[in-house]
Every structure is written in structure tokens, then in C-alpha cells.
Amino acid sequence: MYRLWVSAVKFKSNAGSPAIHTAIAHARMPFPPTSYRGRFAPSPTGPLHFGSLVAAFGSWLAARQAGGTWLVRIEDLDPPREVAGAAEAQLRTLTAFGLHPDGPVMRQSERHEAYLSALQRLLAAGDAFECHCSRSDLAGEDGIHRACLPGRHRPDPAIRLRVPDGSHITFDDAVHGRIEQDVSRDVGDFVLRRADGLWAYQLAVVVDDAAQGITDIVRGADLLDSTPRQILLQRLLGLPTPRYLHLPLVVDGDDRKLSKSLAALPLDDDDPLPALRAAWATLGQARDVLDGSTCIDTLLARAMTTFDAGRIPRAPVDILAAAHNTPVASRD
Ligand code: GLU
């Protein structure tokens, strides 16, 4: 991708018709590879909570500090799990917290054609296949698909990525360091389009990150083990691999399930400052920096200039420690 972009630009500078060559450069690689483009991609399954704020604020801070672009994408791929009005409420919360995207909000529910075309490429290349196995067929293999059972037929097959033996993926996460996964052994052939016709997150996220020209993905560590699958898909689709930074998970001291935890309480749009300060502490940043800020604009401006990604902790952060004046654990 990088080479394509460079050659298109060179071509432009040599040539007679800049307009045409600019169009070529844009068609091939709409975003210069050096400009930072980050994003926040919530699923509209409910109002934004503290855990989502950490991801939104962390990705916003990293993009702002790099002088880059920050985008929002609503991942409304799974209607049965969505809550009516949640996407709009999430966008209102981002506005109330001063986190304004630099471009139009992308919605995955409008991206069917893009996913279909990626799927067709994978099918045509033999990298994807129709799978007639049922969940109970895979039960003996811990739910991992390695080969279809013979003689199965269903009218609504799923489509899976064929993950050949030895599909070993390695990447360097800015917080967690070197991550390695043998996708064939640990995950197997994974679903791209479900039997009910819905698109799988793994395919959609890869197609959309590329379409939005995302260079840097900053998101929660719950997605760390999805990243090797996404890198595998990027390679098969000829898409660039962004840099990754996975933020600490937010837990509470009692190890409650997220649904019962303080971390899952909806954010209060009328009182953003305490939550922003707690998110800042969760990101391992020096808490006193934001102490004197009494309006969002000042707080965000201070946060942007002092943010230090090197302080982000690797270990999960206790929400009670972040919300109160207790020091938050440093990395490790
Ligand atoms: N939509 C996903 C979520 O809300 C996040 C996807 C991503 O950041 O890659 O958990």
C-alpha cells in the first residue's frame, strides 16, 4: 500500500495532468501513510459507560497528541444485541464530553456492499468457504473449526475464513509488547458471515479500518486476542496493518461481572469532568495535571498536551482507585 501511494505521488509530480494523477493517488490510497488516523468504534448495545470512556478518551488523546485525525464509527452490525436509540445517545455523550470526531460518523449498518465485496474476494481466492457445521458439531473441538464434518447440509451456511496450519501471527502492541498467536491452533477457521446472514465483527472491523484509513488502533485490552485474526484478514485482503495500542481493562475490586460493576454505569452527560479525570487516572496519567480545570475545554487542552502514552498501565485498573485519590498502578 505504502509503495503504491508513493509511486502514485511520484507519477503525479512528473506528469502533465495533475488532476488525473491526483485522482489516481486518491483512488489507490486516499490517506498519506504518515498522517495519524485513529478512531473510536462503539457498539450501540447501551449507553456509553466508564469502560467505553477510557477507550474513547485514550484514542482521542493519542490522535490529538499526534496532531492526527480522530473518527467515530458506530458498530451496529448485530441488531438483536442493539438497543433502540443507543447510537444517538452514545454520540450525544461524546459531544457532552467534548470528544468531537473530525469527520462523518461511519455506520456499519450502511456498509453491506463493502463487506460483501471483501467476502467475495476471499471466496474467489479460496481463502473462505461455506460451512454447514452446527455448533454442536464443533462441541467436541471446544468450538474450534478445523474441517467441516462430512454430509452436513443447511440452507443457511455460515462463511468462514480458512486458517491454514501454522498461521502464526506476531505483532508489537504499544502497551503490551510483543504478542503472538497461532490462529490455526487457538482459534481455527473463524466466521466471516454468520448463518443468520449477519456480518462478523472481525471482517467488518478490518474492512472499515482500511476504508477509514486508520493508522493507529487504540482500544480496550478485551480485543487483544482478536487482533491476530484481524491482521491475518488484512494480509489476505492486501490491506495495511495499523499500529495497535490496547488500553487496560477497567475492573472493580469485587470482581463483579461488568453488567453489575461500577464500570458499566452509564456516563452522566451533565457532569463529564469527574469521569474524564477518572479516565485520565485509569490511563496512568498524572492526576494533578487536570485538578485545576473546571471546564471541559481547558481540561481537554491540558490533557492533550501532557498525555504520555508511556504511562498507560498494562494491568487491569480498579475503577475505585481511578475514581478516588488512590494512585493507579503503573505498567506491570
Ligand atoms: N465495537 C467494539 C466494542 O464496542 C470495538 C471494536 C474495536 O475497537 O475494534 O467493543
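The values are calculated or read from the model by the stated rules, or taken from the named source; none is laboratory data. On a predicted model such as this, the values are computed, not experimentally measured, just so you know. Ideal geometry is used to build each Cβ from the backbone, glycine not excepted, and the neighbour counts take in all protein chains shown.
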Next item on the list: Tell me, please, whether a residue that is among the polar types (S, T, N, Q) and at pLDDT below 95 can be found in segment 284-301.
Entry: yes
Check: Going through segment 50-105 one residue at a time, which ones are hydrophobic (A, V, I, L, M, F, W, C), away from the ligand (no atom under 16 Å from the Cβ) and touching a helix residue (DSSP H, G or I) at 6+ places or on another chain (Cβ under 7 Å)?
Finding: 96, 97
Note to self: If the requirement is being at pLDDT below 95 and of a type in the set (Val, Ile, Thr), which of these qualifies: 45, 69, 34, 95?
What the structure shows: 34
Notebook entry, point to check: Taking interchain pairs and intrachain pairs at least six residues apart, which have beta carbon atoms under 6 angstrom, with the first residue in segment 146-172 and within 19 Å of residue 196 (Cα to Cα) and the second among the aliphatic types (A, V, I, L, M) and part of a loop (DSSP other than H, G, I, E, B)?
Noted result: 156/195; 158/195
Next item on the list: Filter segment 215-237 down to residues that are under 27 Å from residue 126 (Cα atoms), surrounded by 20 or more Cβ atoms within 10 Å (Cβ to Cβ) and within 12 Å of the ligand (Cβ to nearest atom), then give me how many there are.
Entry: 3
